[in-house]
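The structure appears below as structure tokens.
The values are calculated or read from the model by the stated rules, or taken from the named source; none is laboratory data. Just so it is clear, the structure is predicted and the values come from calculations on it, not from any experiment. Counting neighbours? That spans all protein chains shown, and the Cβs are built from the backbone with ideal geometry, glycine included.
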Amino acid sequence: MNGARLGPKDLRTLLGEWETGGQSAYHALADRIRLLIIDGRIPTRTRLPAERELADELERSRTTIVSAYRALKETGHLVSQRGSGSVVALPHAHGGPGGFPEPAVVDFARAAPAAIGGLETIIRRATERLPDVLGKSGFDLVGSLPLRERIAAHYSARGLPTHPGQLMITLGAQHAIALVARTLVRQADRVLVESPTYPHALDGLRVSGGRLVTVPVTADGWDGDRLRDALERVRPAVAYLIPDFQNPTGASMPPAQRDEVVRQARRAGTVLVIDETTADLDIDRGWTDVPFAARADGHRTVSIGSLGKSVWGGLRIGWIRADDDVVGALHTARAAGDLGTPELEQLVATEVFDDYPALVQRRTEQLRHHRDVLVRELRERLPHWDVPVPDGGASLWVGLGAPISSALALFGLTRGVSLIAGPKFGVDGAFERFLRLPYTGRVDELTRGVHLLEDTARSLPALPAGRSPQLAEVV
């Protein structure tokens, strides 16, 4: 979308519920567009609609649109270019009056835990084997055989017989998703996705030309009728699903529903792309399941995994498990985009899998404690919010009771907390009433973050922040 023109209808969709009771219309519009720019939903160098076009679409006066655009230009988020109109930019100066704020103190934007304890010992152990790889090129497109053997054994032990030829090592899960999309999705193919879901998966599927078809999922799970209807009616080429501790809702798909999805996908001829990057983060679900592909009974299923959540995001190791012919197609597609995964990181990952069960147990114990702290703090300080308790994964999908997610994200920056607004996890501007809050940070940061979030919430009009209306209106 870089360098493209954003039409007035598309911008209206992105804006969602942008008006607030306590701001002038042009201030509210400028704030919403500014947040869309900050979190990447409107890429830099995008040309916004002309003032008159947007005024007609939003049924607002042209003066309102002109004033909003002027405010964005003053903060450096829009620039005027001859022949192009108003073009999106990111300001270079930080912290000036009304400008882009200083970097946030507490990061609720990324569900990325620090390295698990013991990783430093594993890294030292791996470096002892450096001579084994220093005579090689240092990277390859498929991945080292020892690492693929470890991952294959991991799948086999969980009930999905796997051989190394069915695996490709990638530069993390996001790279894996983009590569699968580039390989399996053709221009204008329909692609079924959950709503909400992982934003970078949506980006990769869109870039590959997919036309996204959504099915709803909540903290309580998937709407089985809608999911079945979408597979029967749309017959998508690909379905991207996160069945274990879904990002961001934390829901897990019951085994019987997984079987039903496989049956419907087989009838529709749909390739199932199963994101299992959170599958090992089982805190207290109470039941386990075989990998999704083990239920597929020969139906084409592509599984994606990663060490980013269970071990460390800084160890850029992910993988794709698929049939041999799909791995061959991935190899061909990958050569045009990158040269492969570094050998040194693969050495570390190989050593990780020798200790993997203990590392995962350590991570889930840590996440349990952090989840409980975050839930307790939120329920105490923001009691009118709907705070679920997921039984796994890395984040909470919090109901706010009002369409103010984007406002919280924008004004949270000024108070030292970084947030991702709910609409980032959808395809059409929905989820203004939700906020994803990861519990992957340090406990003291989680506690401080909730304090900052409460402060931000109290500053917004009509926000159910757990305080009296009179107090909420003071700030």
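If E432 satisfies every condition in (1) more than 26 Å from L119 (Cα to Cα); (2) assigned to a helix (DSSP H, G or I); (3) among the acidic types (D, E) but one, which is the exception?
E432 satisfies every listed condition except (2).
May I ask you to verify whether G159 is small (G, A, S) and at pLDDT 95 or above?
yes
Taking the conditions exactly as written (modelled with pLDDT of 95 or more, assigned to a loop (DSSP other than H, G, I, E, B), at negative phi and surrounded by fewer than 18 Cβ atoms within 10 Å (Cβ to Cβ)), does V475 satisfy them or not?
no
Filter region 132-143 down to the residues that are surrounded by 15 or more Cβ atoms within 10 Å (Cβ to Cβ) and either at pLDDT 95 or above or basic (K, R) (or both) and list them by number.
Scanning region 132-143 gives V142, G143.
Between a first residue in region 333-349 that is under 10 Å from D140 (Cα atoms) and a second residue that is exposed (fewer than 13 other Cβ atoms within 10 Å of the Cβ) and of a type in the set (K, R), which pairs have beta carbons less than 8 Å apart while being 6 or more apart in sequence or on different chains?
So the pair list comes out as E343/K136.
Among G399, G392, G318, which is the only one that is at pLDDT 95 or above and crowded, with 23+ Cβ neighbours inside 10 Å?
After ruling out the rest, the residue left standing is G318.
On the given criteria, is R381 of a type in the set (K, R), out of contact with any strand residue (DSSP E or B) (no Cβ under 7 Å at 6 or more places or on another chain), buried (at least 21 other Cβ atoms within 10 Å of the Cβ) and at pLDDT 95 or above?
Criteria not met by R381.
Please give the number of the condition R148 fails out of (1) over 21 Å from G393 (Cβ atoms); (2) in a loop (DSSP other than H, G, I, E, B).
(2)
Among the residues of region 127-145, which ones are more than 23 Å from I320 (Cα to Cα) and part of a helix (DSSP H, G or I)?
Within region 127-145, T127, P131, D132, L134 qualify.
Filter region 160-184 down to residues that are within 20 Å of A296 (Cα to Cα) and among the β-branched types (V, I, T) and give me whichever is nearest to the chain's Cα centre (by Cα).
Ranking the qualifying residues of region 160-184, first place goes to I177.
Hey, could you check region 360-412 for residues that are of a type in the set (S, T, Y) and in a helix (DSSP H, G or I) and say which is farthest from A430 (Cα to Cα)?
Top of the filtered list is T364.
Looking for something modelled with pLDDT of 95 or more and either closer than 24 Å to A394 by Cβ or part of a loop (DSSP other than H, G, I, E, B) (or both) - is there at least one such residue anywhere in region 324-344?
No, region 324-344 has no match at all.
Considering only residues of region 205-222 that are more than 15 Å from R235 (Cβ to Cβ) and touching a strand residue (DSSP E or B) at 6+ places or on another chain (Cβ under 6 Å), which is surrounded by the most Cβ atoms within 10 Å (Cβ to Cβ)?
L205
Please determine whether any residue of region 7-23 is modelled with pLDDT of 90 or more and closer than 28 Å to G416 by Cβ.
No; the residues of region 7-23 include none that is modelled with pLDDT of 90 or more and closer than 28 Å to G416 by Cβ.
Let's see how each residue does on (1) at pLDDT 95 or above; (2) surrounded by 18 or more Cβ atoms within 10 Å (Cβ to Cβ); (3) outside any helix (DSSP H, G or I); (4) touching a Leu at 6+ places or on another chain (Cβ under 7 Å):
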site	(1), (2), (3), (4)
L35	no, yes, no, yes
G40	no, no, yes, no
R52	no, no, no, no
E57	no, no, no, no
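So which residues in region 171-200 are among the aliphatic types (A, V, I, L, M) and either on the phi > 0 side of the Ramachandran plot or not in a helix (DSSP H, G or I) (or both)?
Of everything in region 171-200, those that are among the aliphatic types (A, V, I, L, M) and either on the phi > 0 side of the Ramachandran plot or not in a helix (DSSP H, G or I) (or both) turn out to be L171, V185, A188, V191, L192, V193.
Please go through region 229-247 and pick out each residue that is surrounded by fewer than 18 Cβ atoms within 10 Å (Cβ to Cβ) and without any contact (Cβ under 8 Å) to a residue 40 or more places away in the chain.
D229, E232, R233
Of everything in region 201-241, what is at positive phi, small (G, A, S) and part of a loop (DSSP other than H, G, I, E, B)? Give them in sequence order.
Answer for region 201-241, where residues must be at positive phi, small (G, A, S) and part of a loop (DSSP other than H, G, I, E, B): just G209.
Within region 371-413, which residues are out of contact with any helix residue (DSSP H, G or I) (no Cβ under 7 Å at 6 or more places or on another chain), among the basic types (K, R) and in contact (Cβ under 8 Å) with a residue 24 or more places away in the chain?
The answer is R371, and nothing else.
Results for (1) touching a residue at least 60 places away in the same chain (Cβ under 8 Å); (2) surrounded by 21 or more Cβ atoms within 10 Å (Cβ to Cβ); (3) more than 30 Å from G40 (Cα to Cα), shown as yes or no for each residue.
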| residue | (1), (2), (3) |
| --- | --- |
| T121 | no, no, yes |
| R124 | no, no, yes |
| L130 | yes, no, yes |
| G165 | yes, no, yes |
| L171 | yes, no, no |
| L192 | yes, yes, no |
| D203 | no, no, no |
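Given the criteria closer than 17 Å to D280 by Cβ, touching a strand residue (DSSP E or B) at 6+ places or on another chain (Cβ under 9 Å) and of a type in the set (A, V, I, L, M, F, W, C), does A322 qualify?
no
So, R226, is that one surrounded by fewer than 23 Cβ atoms within 10 Å (Cβ to Cβ) and free of Cβ contacts under 8 Å to residues at least 24 places away in the same chain or not?
Against the criterion (surrounded by fewer than 23 Cβ atoms within 10 Å (Cβ to Cβ) and free of Cβ contacts under 8 Å to residues at least 24 places away in the same chain), R226 qualifies.
Cβ contacts < 6 Å: first residue over 21 Å from L202 (Cα atoms), restricted to region 263-276; second residue surrounded by fewer than 21 Cβ atoms within 10 Å (Cβ to Cβ), any location; separation 6+ or different chain. Result?
Between residues of region 263-276 that are over 21 Å from L202 (Cα atoms) and residues that are surrounded by fewer than 21 Cβ atoms within 10 Å (Cβ to Cβ), the close pairs are Q264/R228; R266/H299; A268/R235.
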